[in-house]
Amino acid sequence: MIRFALLALHRPAGSSVFALVGACLLLAGLMPLAAGPAVGQCVGYPMGDRVLNSVDGPGMYGAILLDGDQAVAMSATMLGVFDFSDPDLPAPQGWVDLGDLVSDLDRVGDLVYAPVAFYGLRIVDVSDPAVPTIIGQVATGSEGAAGVAVAGSWAYLAAASTGLQVVDVSNPAAPALTATIPVDGIARNIRILGEYAYLAAGDYMGSHIHVYDISVPGSPALVHTLDTPGSADRITFDAPMAYVSQAWSLLVLDLTAPALPVIVGSLAVPTRDVAVVGDVAYLAADQSDLLVVNIADPALPAVVDHVETNGFGGHVAAAGDRIYLCASDLHVITAVPAGAADSLSATATAGRAVGVSVLGDRVCVADSTGGLSVFDAADPSAPVLLGSLPLPGPAVHAVQSGDHAFVACEAGGLQIVDLADPALPVIVGEIAADDAVNGVTVRNERLYVADGSAGLRIFDITNPAVPVPLGTFANGQYCENVLVDGGRAYITGTGPGLQIVVVADPAKPIEMGGSPTGYAWDVALKGDHAFVATAQGLVVVDVSSPAAPAIVAGLPTARYVTGISVFGDHAYLAAGPLGTLVCDISTPTVPKLSGQGSTGDSACFLEFMYPVLTVADGAGGLRILPLSCPDGLAPDCDLNGVPDDEDIALDPGRDWNGDGILDSCQQGQELSGVGDLPNPRLAIAEAWPNPFNPKTTVALSLAKAGVVKVRICDVRGRTVRTLAGGIPLDAGRHEFTWNGLTDAGGPAASGVYYCIAESGRERATRALALIK
């Protein structure tokens, strides 16, 4: 059997966030790659070294303040000025001794204000970064000061047990203390937002956030005190929210009414400092950890990642996808993995690859300038261009069914292409766009078209060249893409982000519910959960009740996510310049970033072509990656509990061609999903005939009694036919026959399918080929 694969360039439409389609040079051929994994082998996707650099200093780092290409930071009693023109390689330029420890800094222009323990306020001129110079100082009492915030000509100090102090700094060379205001508790930190100053204070009697009106400069007036459950230490603003670091927790405040802050959320982790970038908070925690927290819903902050460093974590700052943690050294940390799994191949396309559709080994590439190109990817390490076709508009997405490709071309509508001769693809039909055709899917001879603001349009494609309109769903929301499963359409786009519509009767689509995921581009299903690719990252939605889908988890990424595919316990995210991110979703409510695949430009869309992953990689063309091994285990394609390399070492005759893969797996015998848990207690022993027409029988081997589900899925993981919906079976051999029909009773198209058996947390997979 000859297998092919089809790649369509997919660009999110209707959003200025993405200017993904750009001028590209016409490239051809296979890009040279370093030796990577063998075809058919899964790999351990590396997390890489998250700590990119560690900058030594005179002592423990205590505070840091970023200012464009420059930063100031405290190390022991020394204030250092750093060149940050290379954010990964901060370079000390000059130091000055402030005489004691400093736990906070503020800066206005070339002047840095440092509250020095047991000394008071010192003002440092850093206009010459090589020679920072103390130009003014003022004593503030026996305990000095712990925090500082400057507004205009006034500095406000959190001065420990002395309280709140006000300093006139109109003459930096001669600052003058003008007022001391007692406070309830030990004053630890102060921050200013607009006309209000927020002072964190507390002791063993209680903890507070004192709010002062500073609309009259130099004359703060207390307007409110918020009691906090813990020990308030430091305050970080991300208006209208504020994040309060406490010894045993993180507090989230709503400052919509600035004079009346309200606690809206909390997280029970020891926190010393917080930096916020978008929907992500980076916490400097005790025990030297940097915690990554999803704050998309400020009321429900959730830890999604952590980075271990050496030494005691202190203060933290962040810019873009770089985090700077003060500890024994100044650590430069990347928000995403620095390492990446090697590709099997990278093949250039005519323009910018932004989407991919797979049918067997046939992959077609389409983009804004190059039209549609058909590849034979029977050898994933060396895809071969078979043919190409100009299209009337930028191709942004495609799906295949039988010998036809349905290509979304935005304002150019939907183009229907006959691929019977892949060397000579030809347009045989068209659906005009009512707005912008962005996404498309096929299910049981029905075509579902995401047509921008025109909504979801449904067609009968019994005759693919002559689609017949069946119905339309439009509610004013912009449609980006669509997935259909179990008589329901899962629509991504604007508005709620994810919409669920019943399409069992295509003439009367019924809206069920929606989930506010933010702008969404793609969606994949696994069980009762929808995994949604959004502008903020991965969002997990419980869809067990379609009328009331609920967000249960999220995993923010440093870049937008425009494509997603799920295989086994891994979700693969197309994350732009970050490449392909791999997430462990074995517990859907706690997704964890587990690795990264390489990119040549910008991963835009992806789809499985068992046993590999195809990626539309922007200007990098078509990139093919291996799948991620489950739980970091070595490949074991025959599920015998022995890694394949050990099998071959014991019996070299099992790998006659010497490519490191068991010959039986390559021949379609004893083949199991790379994403399966390697557990011999559940296995698909055989399938016969295979390839088949019109029916095949699958033999399931169960080592112990259990409840079993058996499904037939297409190459995108969508359920085509349920053979067993959760039935109790005794230990032993059980046979299931698939007659080539779908759950709707229609014939399944020819192509590659997967029989997936599940029992508890055990899973087995076998590839099946239906030939007509």
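The values are calculated or read from the model by the stated rules, or taken from the named source; none is laboratory data. Keep in mind that what you see is a predicted model, and the values were worked out from it rather than measured. For neighbour counting, all protein chains shown are included, and Cβ atoms are generated from backbone atoms with ideal geometry for every residue, glycine included.
Output the residue which, of all residues in the stretch 755-772 that are touching a strand residue (DSSP E or B) at 6+ places or on another chain (Cβ under 9 Å) and part of a loop (DSSP other than H, G, I, E, B), is farthest from residue 504 (Cα to Cα).
760
Given the criteria at pLDDT below 80 and surrounded by 14 or more Cβ atoms within 10 Å (Cβ to Cβ), does residue 711 qualify? Reasoning before the result, please.
Working: at pLDDT below 80: no; surrounded by 14 or more Cβ atoms within 10 Å (Cβ to Cβ): yes.
No; evaluated as a whole, the condition is false for this residue.
Output yes when any residue across the stretch 717-736 is modelled with pLDDT of 85 or more, assigned to a loop (DSSP other than H, G, I, E, B) and within 25 Å of residue 443 (Cα to Cα), and no when none is.
Within the stretch 717-736, not a single residue is modelled with pLDDT of 85 or more, assigned to a loop (DSSP other than H, G, I, E, B) and within 25 Å of residue 443 (Cα to Cα).
What do you reckon, is residue 176 modelled with pLDDT of 95 or more, over 37 Å from the mean Cα position of the chain (by Cα) and either surrounded by fewer than 21 Cβ atoms within 10 Å (Cβ to Cβ) or among the small types (Gly, Ala, Ser) (or both)? First the steps, then the outcome.
Working: modelled with pLDDT of 95 or more: yes; over 37 Å from the mean Cα position of the chain (by Cα): yes; either surrounded by fewer than 21 Cβ atoms within 10 Å (Cβ to Cβ) or among the small types (Gly, Ala, Ser) (or both): yes.
For residue 176, the condition - modelled with pLDDT of 95 or more, over 37 Å from the mean Cα position of the chain (by Cα) and either surrounded by fewer than 21 Cβ atoms within 10 Å (Cβ to Cβ) or among the small types (Gly, Ala, Ser) (or both) - is met.
Name the residues in the stretch 69-97 that are part of a loop (DSSP other than H, G, I, E, B) and either out of contact with any Ser or Thr (no Cβ under 9 Å at 6 or more places or on another chain) or closer than 19 Å to residue 188 by Cα (or both), would you?
Going through the stretch 69-97, the residues part of a loop (DSSP other than H, G, I, E, B) turn out to be 69, 76-77, 84-90.
Hits for the stretch 69-97 are 76, 77, 84, 85, 86, 87, 89, 90.
Kindly check whether there is at least one residue in the stretch 285-300 that is within 25 Å of residue 587 (Cα to Cα), at pLDDT 80 or above, β-branched (Val, Ile, Thr) and outside any loop (DSSP other than H, G, I, E, B).
Restricting attention to the stretch 285-300, the residues satisfying the condition of being within 25 Å of residue 587 (Cα to Cα) are 285, 289-300.
After this cut, where a residue has to be at pLDDT 80 or above as well, the list is 290-300.
Narrowing further to those that are β-branched (Val, Ile, Thr): 292-293, 295.
Applying the additional criterion that residues be outside any loop (DSSP other than H, G, I, E, B) yields 292-293.
Yes.
Out of the residues in the stretch 79-96 meeting the condition of being touching a Leu at 6+ places or on another chain (Cβ under 8 Å) and over 13 Å from residue 332 (Cβ atoms), tell me which one is surrounded by the most Cβ atoms within 10 Å (Cβ to Cβ).
79
Let me confirm something: among 539, 590, which residue is in a strand (DSSP E or B) and either farther than 19 Å from residue 615 by Cα or without any contact (Cβ under 8 Å) to a residue 40 or more places away in the chain (or both)?
Numbers: 590 fails: in a strand (DSSP E or B).
It is 539.
Quick test of your reading of the structure: residue 456 fulfils all but one of (1) on the phi > 0 side of the Ramachandran plot; (2) at pLDDT 95 or above; (3) out of contact with any Asp or Glu (no Cβ under 8 Å at 6 or more places or on another chain). Name the failing condition by number.
Here residue 456 meets the rest and fails (1).
When you go through 562, 492 one by one, which is the residue that is modelled with pLDDT under 95 and within 29 Å of residue 277 (Cβ to Cβ)? Outline the logic, then answer.
Details: 492 fails: modelled with pLDDT under 95.
Selected residue: 562, the only one of 562, 492 that is modelled with pLDDT under 95 and within 29 Å of residue 277 (Cβ to Cβ).
Can you pull out the residues in the stretch 730-766 that are of a type in the set (A, V, I, L, M, F, W, C) and surrounded by fewer than 18 Cβ atoms within 10 Å (Cβ to Cβ)?
Filtering the stretch 730-766 down to residues of a type in the set (A, V, I, L, M, F, W, C) leaves 731, 736, 738, 741, 744, 748-749, 752, 755-757, 764.
Listed by number, the residues that qualify are 731, 741, 744.
Please name all residue pairs, on different chains or six or more residues apart, with Cβ atoms under 6 Å, provided the first residue is in the stretch 566-581 and is over 17 Å from residue 539 (Cα atoms) and assigned by TED's automatic domain parsing to the domain that holds residue 594 and the second residue is assigned to a strand (DSSP E or B) and among the hydrophobic types (A, V, I, L, M, F, W, C).
These pairs meet every condition: 579/603.
Mind telling me which of the residues 707, 752 ends up being in contact (Cβ under 8 Å) with a residue 60 or more places away in the chain and part of a strand (DSSP E or B)? Give the steps one after another, and end with the answer.
Details: 707 fails: in contact (Cβ under 8 Å) with a residue 60 or more places away in the chain.
That would be 752, the only listed residue that is in contact (Cβ under 8 Å) with a residue 60 or more places away in the chain and part of a strand (DSSP E or B).
Name the residue that is surrounded by the most Cβ atoms within 10 Å (Cβ to Cβ), counting only residues in the stretch 52-72 that are within 31 Å of the chain's Cα centre (by Cα) and among the aliphatic types (A, V, I, L, M).
Once the filter is applied, the top-ranked residue is 64.
Looking at this structure, is residue 432 small (Gly, Ala, Ser), farther than 22 Å from residue 494 by Cβ and at pLDDT 95 or above? Full working, then the answer.
Details: small (Gly, Ala, Ser): yes; farther than 22 Å from residue 494 by Cβ: yes; at pLDDT 95 or above: yes.
Judged against the criteria, residue 432 is a match.
Given (1) touching a Gly at 6+ places or on another chain (Cβ under 7 Å); (2) part of a loop (DSSP other than H, G, I, E, B), where does residue 128 come up short, assuming only one miss?
(1)
Just to check your reading of the model, which residue among 346, 281 is within 21 Å of residue 595 (Cα to Cα), surrounded by 24 or more Cβ atoms within 10 Å (Cβ to Cβ) and modelled with pLDDT of 80 or more? Steps first, answer last, please.
Numbers: 346 fails: surrounded by 24 or more Cβ atoms within 10 Å (Cβ to Cβ).
Of the residues listed, the single one that is within 21 Å of residue 595 (Cα to Cα), surrounded by 24 or more Cβ atoms within 10 Å (Cβ to Cβ) and modelled with pLDDT of 80 or more is 281.
Looking at the structure I just gave you, is residue 432 under 26 Å from the mean Cα position of the chain (by Cα), under 19 Å from residue 469 (Cα atoms) and of a type in the set (Gly, Ala, Ser)? Even if it seems obvious, please write down each step before you answer.
Values: under 26 Å from the mean Cα position of the chain (by Cα): no; under 19 Å from residue 469 (Cα atoms): yes; of a type in the set (Gly, Ala, Ser): yes.
No; evaluated as a whole, the condition is false for this residue.
Evaluate the following for residue 76: is it closer than 13 Å to residue 329 by Cα, modelled with pLDDT under 95 and surrounded by 21 or more Cβ atoms within 10 Å (Cβ to Cβ)?
Details: closer than 13 Å to residue 329 by Cα: yes; modelled with pLDDT under 95: yes; surrounded by 21 or more Cβ atoms within 10 Å (Cβ to Cβ): no.
No.
Given the criterion in the same structural domain as residue 476 (by TED's automatic domain parsing), of a type outside the set (S, T, N, Q) and under 17 Å from residue 461 (Cβ atoms), identify the matching residue among 396, 449.
After applying the criteria, what remains is 449.
For every residue, the table says whether it meets (1) assigned by TED's automatic domain parsing to the domain that holds residue 158; (2) surrounded by fewer than 21 Cβ atoms within 10 Å (Cβ to Cβ); (3) in contact with a helix residue (DSSP H, G or I) (Cβ under 6 Å, 6 or more places away or on another chain); (4) farther than 26 Å from residue 182 by Cβ.
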| position | (1), (2), (3), (4) |
| --- | --- |
| 221 | yes, yes, no, no |
| 234 | yes, no, no, no |
| 240 | yes, yes, no, yes |
| 247 | yes, yes, no, no |
| 256 | yes, yes, no, yes |
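For residues in the stretch 568-605 being closer than 20 Å to residue 492 by Cα and surrounded by fewer than 24 Cβ atoms within 10 Å (Cβ to Cβ), which is farthest from the chain's Cα centre (by Cα)?
588
If residue 589 meets every condition in (1) modelled with pLDDT under 90; (2) touching a strand residue (DSSP E or B) at 6+ places or on another chain (Cβ under 6 Å); (3) hydroxyl-bearing (Ser, Thr, Tyr) apart from one, which number is that one?
(1)
Would you confirm whether or not the stretch 224-247 contains a residue that is over 38 Å from the mean Cα position of the chain (by Cα) and not in a loop (DSSP other than H, G, I, E, B)?
Going residue by residue through the stretch 224-247, those that are over 38 Å from the mean Cα position of the chain (by Cα) are 224-225.
Among the residues that remain, those that are also not in a loop (DSSP other than H, G, I, E, B) are: 224-225.
There is at least one residue in the stretch 224-247 that is over 38 Å from the mean Cα position of the chain (by Cα) and not in a loop (DSSP other than H, G, I, E, B).
Report, by residue number, each residue of the stretch 189-233 that is among the aromatic types (Phe, Trp, Tyr) and either without any contact (Cβ under 8 Å) to a residue 40 or more places away in the chain or in contact with an Asp or Glu (Cβ under 8 Å, 6 or more places away or on another chain) (or both).
Step one: list which residues in the stretch 189-233 are among the aromatic types (Phe, Trp, Tyr), which gives 196, 198, 204, 212.
Hits for the stretch 189-233 are 196, 204.
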